[in-house]
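Down below is the structure, laid out as structure tokens.
The values are calculated or read from the model by the stated rules, or taken from the named source; none is laboratory data. All of these numbers come straight from a predicted model, not from anything done at the bench. Neighbour counts are summed over all protein chains in view; Cβ atoms, including those assigned to glycine, are modelled from backbone coordinates with ideal geometry.
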Amino acid sequence: MQLLEFKNIFFKELSDVYPQTEIQSFFNILIEFKLNLSRIEVALQPDFNIDKNELDFLQKALLNLKKQIPIQYIIGETEFYGLPFIVNKNVLIPRPETEELVSWILTSTPLSDQIKILDIGTGSGCIPISLAKNLPNAEIYALDISKEALKIAKKNALKNNVTIHFIEADILTLNELPQYFDIIISNPPYVRELEKEQMHQNVLANEPHLALFVENENPLLFYDKIAELAKKYLTKNGKLFFEINQYLGNETIELLQSKGFKNIQLKKDIFEVDRMVKATI
């Protein structure tokens with residue numbers, strides 16, 4: 001099949017599911033991924049011949065997009081903080097807001113410092129790996145309850161040529177950390193069950209609920225436990241960073257204040273919603 005013919009089919013099949021701009025983006029991503037053709041090359045080579053193996057992949061991708069499976073899971077990779085990451089259904093797809101959290105950590109941390117950092121609930125490993133690439137003197141640990149998520153995170157550490165010390169553990173039942181840390185970070189589950197109706201169906205149907213949702217009655221469950229551990233295991237003037245539920249900024253601040261944290265800052269993301277908190281002990 002020629003490229004232009006497939007493009008016409010692709011747009012027609014998805015026109016009832018996605019806006020045109022999103023379809024164009026999906027098409028560009030898939031063609032560059034599988035055929036190694038840029039947008040300009042696609043425009044210049046409408047009669048490019050797609051072989052059978054390539055066409056099988058593209059047609060399967062089209063069917064998956066119609067089912068609203070995220071494009072990142074279809075191609076098995078994404079980009080975060082300018083770095084490549086493997087992703088699958090066992091890890092959340094890294095979000096732009098989390099890139100902002102990484103930036104905030106980096107601007108708060110001198111490059112030369114020989115520090116120890118712990119990321120709790122690491123998923124794909126996007127936070128610790130991005131930090132490791134930018135803080136060469138840091139010793140970085142990453143913890144997750146999911147064995148399958150840690151498999152992906154370990155692959156991503158290798159892919160990006162960084163050393164991360166991975167720990168498999170349930171933070172809610174953990175009473176000790178392996179050592180003291182200068183920075184503790186977490187982007188834990190924070191979406192309340194009542195907020196499900198606000199979420200896109202492709203997220204609900206495909207991304208791991210274990211990493212997303214908390215019960216309505218105790219939405220700060222993870223923040224409470226992590227802050228309690230951070231009180232004991234942060235070094236003097238050590239920093240705690242959280243990504244948070246946009247509706248629970250004040251409640252998160254009050255929780256940290258109740259545990260004795262100081263210099264608490266609430267920061268908005270690119271969408272102008274409360275998304276990050278930094279505190280010191």
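Scanning the stretch 211-232 for residues that are crowded, with 18+ Cβ neighbours inside 10 Å, modelled with pLDDT of 90 or more, part of a helix (DSSP H, G or I) and of a type outside the set (Lys, Arg) yields a total of 6. Scanning the stretch 93-120 for residues that are among the small types (Gly, Ala, Ser) and in a loop (DSSP other than H, G, I, E, B), we see that the one that is modelled with the highest pLDDT is SER108. A single member of LYS52, LYS60, LYS66, LYS12 is touching a helix residue (DSSP H, G or I) at 6+ places or on another chain (Cβ under 9 Å) and free of Cβ contacts under 8 Å to residues at least 40 places away in the same chain, and it is LYS60.
LEU172 fulfils the conditions (1) among the aliphatic types (A, V, I, L, M); (2) at pLDDT below 95; (3) more than 17 Å from LYS239 (Cβ to Cβ); (4) assigned to a loop (DSSP other than H, G, I, E, B) except for a single criterion, (4). Residue by residue through the stretch 137-194, note down the ones that are within 19 Å of LEU229 (Cα to Cα), without any contact (Cβ under 8 Å) to a residue 60 or more places away in the chain and among the small types (Gly, Ala, Ser). Scanning the stretch 137-194 gives ALA142, ALA169. Going by the conditions given, is PRO84 within 17 Å of ILE164 (Cβ to Cβ) and of a type outside the set (Val, Ile, Thr)? Considered against the rule, which asks whether it is within 17 Å of ILE164 (Cβ to Cβ) and of a type outside the set (Val, Ile, Thr), PRO84 comes out as yes.
The set of residues from the stretch 84-101 being more than 18 Å from LEU150 (Cα to Cα) and touching a residue at least 40 places away in the same chain (Cβ under 8 Å) comprises PRO96, GLU97, THR98, GLU100, LEU101. Looking only at the stretch 63-92, residues that are in contact with an Asp or Glu (Cβ under 6 Å, 6 or more places away or on another chain), on the phi < 0 side of the Ramachandran plot and not in a strand (DSSP E or B) come to 2 in all.
So that you can scan it fast, the table gives a plain yes or no per residue for (1) farther than 27 Å from VAL273 by Cα; (2) surrounded by fewer than 20 Cβ atoms within 10 Å (Cβ to Cβ); (3) aliphatic (A, V, I, L, M):
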| site | (1), (2), (3) |
| --- | --- |
| ILE69 | no, yes, yes |
| GLU77 | yes, yes, no |
| VAL87 | no, no, yes |
| THR98 | no, no, no |
| ILE145 | yes, yes, yes |
| ILE152 | yes, no, yes |
